[in-house]
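Taking it in order: structure first as structure tokens, then the write-up.
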Amino acid sequence: MKKYILSLFALLAIISCEGPMGPRGPQGPPGPAGEDGYGINWSVVNLYIAPNMWKAFYDNNGLFLYWRCIADVPELTKFIYDEGLCIVYRKTMDGKVEVQEPLTKIVFNEEANGYLWQQAIVYDFSPGEVAFYVQSSDFGDENNRPPRMDFRIVMIW
């Protein structure tokens with residue numbers, strides 16, 4: 001029975017083959033115009049914030065000190081704000097190697113006397129600007145400005 005089925009398949013394969021192919025037919029009419037698609041575009045802005053560029057702010061009750069610096073970033077358009085991505089990295093050194101830390105960054109610290117505290121570095125953005133914030137868990141004082149910080153802003157749309 002297996003031989004008959006196998007023979008039947010072989011016969012079907014032989015008789016179902018077409019003859020030689022003819023010439024290719026004419027090109028069809030063009031299709032309707034489609035919508036433009038999105039490409040992949042990006043822009044990178046490197047900037048630094050010097051200690052004197054940080055401004056001290058408090059909450060509405062005059063408590064909870066935090067530091068803020070607003071950087072002008074004209075490359076950050078309304079289109080990127082609405083349709084794209086804005087990712088910020090803090091550039092710092094790990095020994096002798098520069099590394100990029102994605103923000104939000106929480107840094108845990110211990111001083112020689114055992115005092116523990118943490119520092120948060122965050123950002124937000126709107127068209128044309130990126131605001132950076134630094135706040136320590138002990139809230140510090142206005143005499144302890146954040147140090148110079150280098151940032152890399154990556155915009156993708």
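Filter the chymotrypsin sites (Phe, Trp or Tyr not before Pro) in the stretch 71-154 to those in DSSP coil with at most 10 other Cβ atoms within 10 Å of their Cβ, and list the result.
When the chymotrypsin sites (Phe, Trp or Tyr not before Pro) of the stretch 71-154 are filtered for loop state and at most 10 Cβ neighbours within 10 Å, Tyr115 remain.
Within 10 Å of each candidate Cβ there may be at most 15 other Cβ atoms; applying that plus a DSSP loop requirement, which GluC sites (Glu not before Pro) in the stretch 73-157 survive?
Glu75, Glu111, Glu142
Can you give me the angle between helix 2-15 and the longest principal axis of the chain, using Cα atoms only, in degrees from 0 to 90, rounded to the nearest 10?
The angle comes out near 90 degrees.
Pick out, in residue order, every one of the trypsin sites (Lys or Arg not before Pro) in the stretch 27-114 that is DSSP loop and has at most 13 other C-beta atoms within 10 Å; say none if there are none.
Details: sites: Lys55, Arg68, Lys78, Arg90, Lys91, Lys96, Lys105; in loops: Lys96.
Loop-located and lightly packed - Lys96.
Could you give the size of the charge dipole of the stretch 42-156 about its Cα centre, using +1 on the Cβ of each K and R and -1 on the Cβ of each D and E, expressed in debye and rounded to the nearest 20?
Numbers: 10 positive and 16 negative charges, 47 e Å.
Once rounded to the nearest 20, the dipole reads 220 debye.
Once all Cα-Cα distances of the chain are split into 10 Å bins that start at 0, what whole-number percent is in each one?
Here the calculated profile for the chain is 8, 24, 21, 11, 6, 6, 8, 8, 6, 1.
Each value in this text was obtained by applying a stated rule to the coordinates, not by laboratory testing. These numbers were taken from a predicted model, which means no experiment stands behind them. Virtual Cβ from ideal backbone geometry, glycine too; neighbours counted across all protein chains shown.
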